[in-house]
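The values are calculated or read from the model by the stated rules, or taken from the named source; none is laboratory data. Note that the structure is predicted; figures quoted are calculated from it, not measured. As a convention, Cβ positions derive from the backbone with ideal geometry for all residues, glycine included, and neighbour counts pool all protein chains shown. Note: areas computed on protein heavy atoms with side chains; ligands, DNA, RNA excluded. Shrake-Rupley method; radii C 1.70, N 1.55, O 1.52, S 1.80 Å.
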Amino acid sequence: MATHTQSFWTKYIFSQDHKVIGAQYLIVGLIMAAVAGFFAYVFRYHLAYPDAEIPLWGTLDPRTYNMLVTTHGALMIFWVAMPILVAAIGNYLIPTMLGTDDMAFPFLNMLSFWVFFLSAVVVVASLFVPGGGFDGGWTLYPPLSVDAYLNTNPDFWKALFSGGSLVILALALEFASMLMGGINFMVTTINKRARGMSFSRMPILVWFMNFSVVTFMFSVGPVIAGALMLLLDRVAGTGFYDAYRGGDPILFQHLFWFFGHPEVYVLLFPTLGVIGEIIPTFSRKPLFGYKFIIWASIVAIVLSMVVWAHHQFVAGINPYMAVFFSVGTILISIPFAGIILSYVATIFGGNIRLELPMWWAVGFLATFLIGGLTGLYLGSNTFDIYAHDTSFVVAHFHYTLFPITFFGFFAAFYYWFPKFTGRMYNDFLGKLHFWGTFIFFQLFALPIFFLGLNGQPRRMSDYTAFETLMQDWHIQFREIATISAILLILTQFIWLYNFIVSLWKGKRVSSDNPWQANTLEWQAPSPPPHGNFEVYPEVYRDPYTFGVVQVNGKQKDFIPQNEKLPS
Amino acid sequence: MQSTTVSLRRVPQGRLAMWLLIAGELIIFGSAIVVYLLLRLRYPEWGAEAAKTHLSLGAFNTLVLLVSSYFAAKAHEASLKKLKDQVLRYLSLTVLCGLIFMGVKSYEYAEKITHGYTFTSPKLVEAGQGAAALFWSFYYFLTGLHALHVLVGLIAIGFIMYYVKNNKHFHRVELVALYWHMVDLIWIFLFPLLYIMQ
Amino acid sequence: MNIFPEAVSTYAHEMDKLFWLITLFAGLGFFITIGILIYALIRFRYSPQRKPMTFRGNTFREFRWVALGMALLAFADFYVLYDEHDTWDKMMQTVPEEKDLHIAITGRQWNWIFTYPGPDGKLYTADDVIINEPNSTIHVPIHKNVVFDIRSVDVIHSVFLKEARFKYDAIPGRTITKWVQFHRPGKYEIICAELCGVLHSKMRNFIMVESEEVFQQWLDELYAGTNE
């Protein structure tokens, strides 16, 4: 156990402790979520009331609107979901669940956080450079994102310190940071498991974290190469994506979506892991189909590498190829359906304690189900011709990414809060927060499906130019979505209040294992000290031994992984 | 370290991490090369441009890198026996080869630029040969990215030499050697694609 | 309120039918899964006496229900693919031999440029007529195969005729040839569906579908340069 004294700087700022680094990722992620959420409020308000002055903002011109939408998308995916779901949850839980003291490379871990922090600074700075933030859509499609096309000699420094170039640089830094973090996760998992912790005894969350970083590592290469070429197009005047010089704009779409679609699974896997830990604990029942879930995920990872072009059905790709990608897309729904159904089967027949984390887990299943099933419409190449680039797509991916990011995070937050702070949250405020989030989210996203089906295109600053998109019910639905979005954002203040008050004044937990779970992190003190465990645990069984058993003449309904039974 | 006393297995974790890093790097280069190949198939005129590269200098550079890889392997071998002087000697030779490679590369760049084949080749663009200009963009992009990795490798070897001089971290010689082999391997792919395939 | 805008092209109805087919499958999947979930939450709610089951889903006997769910989804998936194939074939893989009207539609920031074949009836010849102004209206005949060459001069745009369920990207450096046949007269908006810059939301033109005779009249006026 590390006993050396730590100054404030080495303990909280340049810390190499995985828990502090996890908290740092979490804080940066939450700050970025606040920024991106505020942007969402501004442009949603504008969509519902195109001519009105927006409270706390003022008027909104189309360019700024495009910038806000672009930044909202980029921030939410790369600077909110990635750090919170992958980096923060992974950092907190991989070493503790594996029963070890820290990551394999604590220094590299710290370095990857600071590179990430730098990327966050750069992306925020990109909003304030002369010429304004980047407004070409978070997917960065050239030629729009190149600005200077047909310009063989741009002003290098001016082009470099422009919104678009800085966003690309920030993305590059972010990818580098996540690659470093991912290597760390994998090495830790392979190398630092507690004695007795074979692969088949690892908690499903650790499996999913590794799937997440493996998927990231195998898919991110093309977009790094593609983004470098895009940056060169902007700052050096090359013509990689300039059709007039033999380049090809579609090339970038291929490189981007080769990464972009697996990226959804990079974000989904950690949440599936969190849910997969919470459901057995609160159902008091072993996880259904542990091995099946692992194999299904591996199949899904392989498939995810061959589905990217379903984002380009309308982009003039070969129609026969489109059928191939449509089949791939539709096939990938099957392993994920298996995983979701396995979770339902875990709940079925249990003895369900509907504590707050369980509410979030069930809320995730219900909401994500809609997101997954609406993917069927878009996976069908024929219907996608109509639905592509309409609000239907917007509603669909909010129905997937919102539950993944926020239901997943809040489930993890409430579940592990007692462990990592040693205090309990306020249950009533937590339930209020859950129901507010759950209901307002549905009310926000459901109307957008219908607007999209009626042919409302996405990414438009207002629809006043199109008579057929300004019918009364269109306007009303936009208002409902906007008001719900605002209420959804306001609901998060309940959580913030609960978080801060519970952190200082919450009731101290009487047990290190308040949920009576089996995984190793519950065997550490709450909160775990630097080094995590007083005695490093040894593992004797899989993490899901629930169900009534006799131990030493006493009835127990769970046996922790490190408890040695008398033979 | 603290950790190894509690963990189940003891795979050298530096080696593991380096292999993962190499896998990531190969995917980045691999995708850039695939993009190059796809466009190459689309534009047969790139063959004429590729003929303008300096084949003999490229071949010489390939040889230099292969020799440097040999020295890196020898350094690794010596590091296993903790032969400080040998390690330092072989690593210096590796660095020397790397510097020769960079020198030759710079000469090639300078020569091409004076002939108007630059990153953007505005002359070719003005002459309506946009696709030909794109070849040179790829030439500089791929070789430049590779040269950047050579540079990083040289700096890393410098650090390792400093450690070894102070009798520390002999096992890191293996890591930097692995990295250097990867840099070599990438060049072995780039050389035929950019210089020979005419 | 109608879910879809009015269906005015030959394949629009097929696409709407496809929507309802997918909705049937997705709806069944949703209600069955949610039903089981809610049933389980109520039926197996906490009670100190309850002994939870301990199956782990490792044998096929235990796993069959999940397997059944996956099989049903696979069936739904492939049925959709099978069902849509004809529509897909019609829309994408075949451009009709008989091009009654062949127009080039070119995106630029921020309006559509339309190129009509000149009196010789051939596109890309010297006598082509070009209409290049915001908010302009083009005319096409009803019940005829209208073939579009979709292109762009600057950034990526996307032609979206929502009433015709017609949407294809306009990509610089490429020509995408697609067709549509209207079967209802009227004036419809041409929307740009791909973010194309600041005034993306103001990029608007119209298409007027009318009978052959009225269309011919309009075309003659266009050639004479007398219409607005």
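Points to keep in mind about this one:
- 1.4 Å probe accessible area per residue over the protein assembly as shown, in Å²: 38 Å²
- Residues whose placed amide H lies under 5 Å from that of C:Ile150, excluding near-sequence neighbours: C:Ile105, C:Ile176, C:Thr177, C:Lys178
- As a length-normalised measure over Cα pairs under 8 Å and 6 or more apart, the relative contact order of chain A settles at 17 percent.
- The solvent-accessible area of C:Leu68, taken with every protein chain present and a 1.4 Å probe, is close to 90 Å².
- Shape class of segment C:12-93 from the alpha-carbon gyration tensor: oblate, with a/c at 1.5 or above and b/c at least as large as a/b.
- Per-q log10 I(q)/I(0), segment A:1-108, q = 0.12, 0.14, 0.17 Å⁻¹ (Debye; single scatterer per alpha-carbon; no solvent): -0.57, -0.67, -0.81
- With 5 Å bins beginning at zero, the pair-distance distribution over Cα atoms of segment B:1-145 amounts to 2, 8, 12, 13, 16, 14, 11, 8, 6, 5, 3, 2, 1, 0 %.
- Net charge, C:Met15 excluded, C-beta distance under 12 Å - Lys, Arg +1, Asp, Glu -1: -2
- Volume in Å³ per residue [convex hull over Cα atoms, computed for chain A]: 154 Å³
- Entries in A:Lys11/B:Lys84; C:Lys167/C:Lys202; C:Lys122/C:Lys202 that, when Cα-Cα distance is taken, lie over 28 Å: A:Lys11/B:Lys84; C:Lys122/C:Lys202
- Annotation: aspartates and glutamates with alpha-carbon distance below 19 angstrom to A:Lys556 (same-chain offsets under eight excluded): A:Asp512, A:Asp542.
- Calculated from the alpha-carbon coordinates, the protein assembly as shown shows an Rg and a Dmax of 30.2, 102 Å respectively.
- Only lysine pairs 8 or more places apart or on separate chains count here, and in segment A:14-543 those with Cα atoms under 22 Å apart total 12.
- Rounded Å value of the spacing that divides the Cα centres of segment B:130-190 and segment A:398-417: 41 Å
- Distant-in-sequence amide contacts of C:Phe166, defined by a placed amide H-H separation under 5 Å and a gap of 5 or more residues or a different chain, comprise C:Leu161.
- Values of log10 I(q)/I(0), in the order q = 0.10, 0.17, 0.22 Å⁻¹, for segment A:58-182 under a Debye, Cα-only, solvent-free model: -0.39, -0.88, -1.23
- With all projection directions averaged, the alpha carbon convex hull of segment C:121-209 covers 6.0 nm².
- Using θ = phi - 60° in the Karplus curve 6.51 cos²θ - 1.76 cosθ + 1.60, the 3J(HN,Hα) couplings for segment A:234-245 round to 6, 9, 10, x, 6, x, 4, 10, 9, 4, 6, 10 Hz; x is entered for Gly and Pro.
- Dipole of segment B:14-196, positive end: most advanced residue of B:Trp136, B:Leu185, B:Phe159 [Cβ charges, Cα centre]: B:Phe159
- Degrees separating the helix A:106-125 axis from the principal Cα axis of chain A, which is the longest one: 30 degrees
- Cα extents for segment A:407-558 along the principal axes, largest to smallest and rounded to whole angstrom: 75, 34, 28.
- Built from the Cα atoms of segment A:301-372, the convex hull projects on average onto 6.0 nm², one quarter of its surface area.
- Anisotropy class of segment A:334-408 from Cα gyration tensor, a/c 1.5 cut: oblate
- Segment A:344-462 shape via C-alpha gyration tensor axes, a/c threshold 1.5: prolate
- Those trypsin sites (Lys or Arg not before Pro) in segment A:536-567 that DSSP places in a loop and that have at most 13 other beta carbons within 10 Å: A:Lys564
- Efficiency of FRET between A:Val551 and B:Lys81 - r from beta-carbon atoms, R0 45 angstrom, step 0.05: 0.25
- Relative to the longest principal axis of the Cα atoms of chain A, the long axis of helix A:408-421 lies at roughly 40 degrees.
- Radius ratio Rg over Rh of segment C:74-228, counting only Cα atoms, Kirkwood formula for Rh: 0.99
- Note on segment A:425-500 and segment A:8-23: Cα centroid distance 37 Å, given to the nearest whole angstrom.
- The solvent-accessible area of C:Leu24, taken with every protein chain present and a 1.4 Å probe, is close to 100 Å².
- Cα Rg, Dmax, segment A:216-370, angstrom units: 20.0, 66
- Evaluated over the Cα positions of segment B:144-198, the convex hull gives a direction-averaged projected area, one quarter of its surface, of 3.7 nm².
- In the protein assembly as shown, the DSSP beta bridges split such that about 70 percent are antiparallel, to the nearest 5.
- Angle in degrees between helix B:172-191 and the longest Cα principal axis of chain B, rounded to the nearest 10: 20 degrees
- Taking every full run of DSSP H in chain C, the ones that stretch at least 20 Å from end to end by Cα along their long axis and average -1.0 or higher on the Kyte-Doolittle scale are C:12-43, C:60-88.
- The C-alpha atoms of segment A:133-275 occupy a region whose extents along the principal axes are 62, 26, 24 Å, arranged from largest to smallest.
- Neighbourhood charge, 15 Å Cβ-Cβ cut-off, centred on C:Ser211 and excluding it, Lys, Arg +1 and Asp, Glu -1: -2
- Extension gain (nm, one decimal) between A:Trp435 and A:Phe38, 0.36 nm per residue minus Cα-Cα: 140.8 nm
- For segment A:263-310, alpha-carbon Rg over 2.2 N^0.38 Å: 1.35
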